[in-house]
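The values are calculated or read from the model by the stated rules, or taken from the named source; none is laboratory data. Since this is a predicted model, take the numbers as computed values, not measurements. Methodologically, a virtual Cβ is constructed for each residue, glycine included, from the backbone with ideal geometry; neighbour enumeration extends over all protein chains shown. To get the accessible areas, we keep the full protein, side chains included, count just its heavy atoms, and leave off ligands, DNA and RNA. Shrake-Rupley method; radii C 1.70, N 1.55, O 1.52, S 1.80 Å.
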Amino acid sequence: MIQVWMKKIKRGCFLLAFIILVMPGCGSALPQNSPPPASPQAISASQVVQFLNQTIRWYRQLSAEQRIASDPDDQMVVYNNRQVADQIVRLAFDFARAESDILARQTASTPAQNTGGAPEQYQALRAMQGELNKTVQDTQAELDSNRQKLATATGRRRQELASQVSELQAELDLATVRRESVHSMVEFVSGTSSSGFGATGLRAQVEALAASIPAAALNPSSGRQAPGSPQGPVTTAGANNAYGGPDISGIWDIMDDIFTQSSHIRTIDSLIETTGALSNIGKDIRAPLTTRLRELFRNSDELAAQADTASPAQLAQEKKQLDDLAAEFKQLTSASMPLSKQSVLLGIYRRSLTNWRDATDGRYRADWRNLGVRVGFLALILAIVFASAEVWRRAVYRYIQEPRQRHQFLLLRRFVLWLVIALIIAFTLAGRLTSIVTFAGLLTAGVAVALQSVILSVVGYFFLIGKFGIRVGDRVQIGSVTGEVIEIGLVRIHLMELGSGGFGTPTGRVVAFSNSIVFQPSSGLFKQISGTNFNWHEVRLSVPRTADFVLIKEKLLEAVAGVLANYSKELELQYREMKRTVHSIAADGLNPRIQLHILSTSVEAVIRFPVSLRNESEIDERVSQALLKAVESNPTLRMPGAEPPAIQLRSDLSLGDAAG
């Protein structure tokens, strides 16, 4: 019967050893004829706490995975990894609890080594614990003996035994309570002195760490998640706006996704590294447990082999040894089994991260290829645009000979070229019409407010260079300033100021006006019609009221016409040019005109005549001399008893005044 029982023990030990030894990371199968290994180094409480701290730090890296999950596939990976990580953390704490029980038993069996010079109070507690253990054992043995006698006793003897059984049961209950109280005190003192953390031992530290991790509080048998654990795939903010194939179409978006995927790859590499480090720590801790299990397996084989030839006394001794082996085997497997399962799960977790990393690297490489294609396409489009602009420029120089029109077409070419380039780059970088519209709207509003005057000046530039616009060399009048145009810029025009009084000589100053002057109603801009270079001047003089009005007009117009005859050819050409350009023009040409204003004592003659701007001073002087000569030569035109008439000359007449 004993041999049959020993064979069952052997089969159970073999099964446990097989489960432990075939787990990943435990090495190959047990060698057949290897020498007995040395006693493995025991696992300390500090190693267990360090392992738990490392596991907790590794578990908290899930927040980094949630941050980089950018699409539904990534979120599913994070969800699956969280389920695996929860199991890994629970197994780590299962190991820590089992190991704390083993260390507690070792401490109880060898108090002298663990107290480290504890005070006499601890020694008294240990002695009291031993006495109470012996009392409980003796009382239990006596109680069992009386119960056996009670089963066969009769009469008065049965009553006495019943009373003794009741008394012994009460003594046993009291001794058990006292033993448990003393045992808890011994564990407290022993745990405090051996751990050095000021807590109630390793088990208390394990439970304190478990309270900080919700996943560690899960009851493995219930299969229910701890409070605070997610129930489904984790969603991340902005996941729908991250990498998603068709949503990324612009160069700017692709470059942003390249930097994002590169950051994700570095994060995943860091996660893989920390997972590997935790797996290595688990292997190092599991190594002495596995070695001891192999040693127990070898010892059980030896005892089973000896059972075939052993005597009954030897079989009883071997049975006790096998009981001790089975108890130790159970303790070791309770600590080693969670580590073995954790090793399997860490391998699954690491493979999941590796697959995620490969997928992210594939997106990263695809983004680079897509970026290269789009940059190449952008370069091709820009090359076509620049080629078209060059063809435009050559066509302008070949088919347009007039400098003013050529300049306008070249300016239009430059504007269209950079506008097209800006639009192409905007579409290529943004890639989404909504982004472009939003960006353009905000940009336009900001530019319109900040550069209102500049924009108005740029628009005014195109009005200034129109059909009736101005060119370099034109004489213009802006407000009270008369000058010659020396530069027409995109924002401003510059005039060389000319002196007043009919001389038309430069003053040495350059006046700048904004092109927006064309939109200001209070400041007019006056210029000569294209192809003309004349102006109207006015002369005023007084004649007697008794003079013949017809004679007055005849003599004065004759004097002025005689002077203008020397310049008639030039004025006639300018009149024809003006007539060709403007339809509504006086039919009598550029001829002098006279008006008589009757005053109380005299008649004022107002004579207006055209002058060439190149010779205006000379013409004014000659006209004044001719009028004086005409008045002096005709007595009827002279005021009686007066000096020669005073001639008043005006040279700042507008065309409207002249027409009037």
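Take residue 354 and tell me if it is in contact with a His (Cβ under 9 Å, 6 or more places away or on another chain) and either in the same structural domain as residue 283 (by the TED database) or among the aliphatic types (A, V, I, L, M) (or both). Lay out the reasoning, then the answer.
Working: in contact with a His (Cβ under 9 Å, 6 or more places away or on another chain): no; either in the same structural domain as residue 283 (by the TED database) or among the aliphatic types (A, V, I, L, M) (or both): yes.
No; evaluated as a whole, the condition is false for this residue.
What are the residues in the range 489-507 that are at pLDDT below 85 and outside any loop (DSSP other than H, G, I, E, B), if any? Reasoning before the result, please.
From the range 489-507, those at pLDDT below 85 are 489-491, 498-507; that's our starting set.
Listed by number, the residues that qualify are 498, 506, 507.
Can you tell me how many residues within the range 458-476 are open to solvent by less than 80 Å² (accessible area, probe 1.4 Å) and over 17 Å from residue 531 (Cα atoms)?
The first filter runs over the range 458-476 and keeps only residues open to solvent by less than 80 Å² (accessible area, probe 1.4 Å), leaving 458-461, 464-466, 469-470, 473-476.
Filter again for over 17 Å from residue 531 (Cα atoms), leaving 458-461.
Qualifying residue count, the range 458-476: 4.
Filter the range 235-266 down to the residues that are in contact with a Gly (Cβ under 9 Å, 6 or more places away or on another chain) and of a type in the set (Val, Ile, Thr), then identify the one that is modelled with the lowest pLDDT.
The selected residue is 248.
Which numbered condition in (1) touching a residue at least 40 places away in the same chain (Cβ under 8 Å); (2) surrounded by 13 or more Cβ atoms within 10 Å (Cβ to Cβ); (3) under 30 Å from residue 298 (Cα atoms) is the only one that residue 316 fails?
Here residue 316 clears every test but (2).
Any idea which of 545, 492 is loosely packed, with under 14 Cβ neighbours inside 10 Å, over 30 Å from residue 617 (Cα atoms) and not polar (S, T, N, Q)?
On the way: 492 fails: loosely packed, with under 14 Cβ neighbours inside 10 Å.
The unique qualifying residue is 545.
Tell me which helices (runs of 4 or more DSSP H) are completely within the range 1-113 and hold 1 or more residues being at pLDDT 55 or above and in contact with a helix residue (DSSP H, G or I) (Cβ under 6 Å, 6 or more places away or on another chain), or say none if there are none. Walk me through how you get there before you give the answer.
Values: elements: 2-21, 45-59, 62-68, 72-109.
Of the helices (runs of 4 or more DSSP H) lying wholly inside the range 1-113, those with at least 1 residues that are at pLDDT 55 or above and in contact with a helix residue (DSSP H, G or I) (Cβ under 6 Å, 6 or more places away or on another chain) span 45-59, 62-68, 72-109.
Against the definition (of a type in the set (Asp, Glu), modelled with pLDDT of 75 or more and open to solvent by 80 Å² or more (accessible area, probe 1.4 Å)), how does residue 131 come out, yes or no? Can you show your working first?
Values: of a type in the set (Asp, Glu): yes; modelled with pLDDT of 75 or more: yes; open to solvent by 80 Å² or more (accessible area, probe 1.4 Å): yes.
Against the criterion (of a type in the set (Asp, Glu), modelled with pLDDT of 75 or more and open to solvent by 80 Å² or more (accessible area, probe 1.4 Å)), residue 131 qualifies.
Only one of these is surrounded by fewer than 14 Cβ atoms within 10 Å (Cβ to Cβ), of a type in the set (D, E, K, R) and modelled with pLDDT of 75 or more: 292, 298, 365. Name it.
Details: 292 fails: surrounded by fewer than 14 Cβ atoms within 10 Å (Cβ to Cβ); 298 fails: surrounded by fewer than 14 Cβ atoms within 10 Å (Cβ to Cβ).
Going through 292, 298, 365 in turn, the sole match is 365.
Return the residues of the range 442-454 that are open to solvent by less than 70 Å² (accessible area, probe 1.4 Å) and hydrophobic (A, V, I, L, M, F, W, C); say none if nothing qualifies.
Within the range 442-454, 445, 447, 448, 454 meet the criteria.
Here is a list of conditions, (1) part of a strand (DSSP E or B); (2) farther than 28 Å from residue 582 by Cα, and residue 546 meets all of them except one; can you say which number that is?
The single condition residue 546 does not satisfy is (1).
Suppose we filter the range 518-537 for residues that are open to solvent by less than 60 Å² (accessible area, probe 1.4 Å), part of a loop (DSSP other than H, G, I, E, B) and either without any contact (Cβ under 8 Å) to a residue 12 or more places away in the chain or in contact with a Ser or Thr (Cβ under 7 Å, 6 or more places away or on another chain) (or both); how many remain?
Of all residues in the range 518-537, those open to solvent by less than 60 Å² (accessible area, probe 1.4 Å) come to 518, 523-525, 527-537.
Filter once more, keeping what is part of a loop (DSSP other than H, G, I, E, B): 523-524, 528-533.
Filter once more, so that each one left must be either without any contact (Cβ under 8 Å) to a residue 12 or more places away in the chain or in contact with a Ser or Thr (Cβ under 7 Å, 6 or more places away or on another chain) (or both): 529-531, 533.
Residues meeting the conditions: 4.
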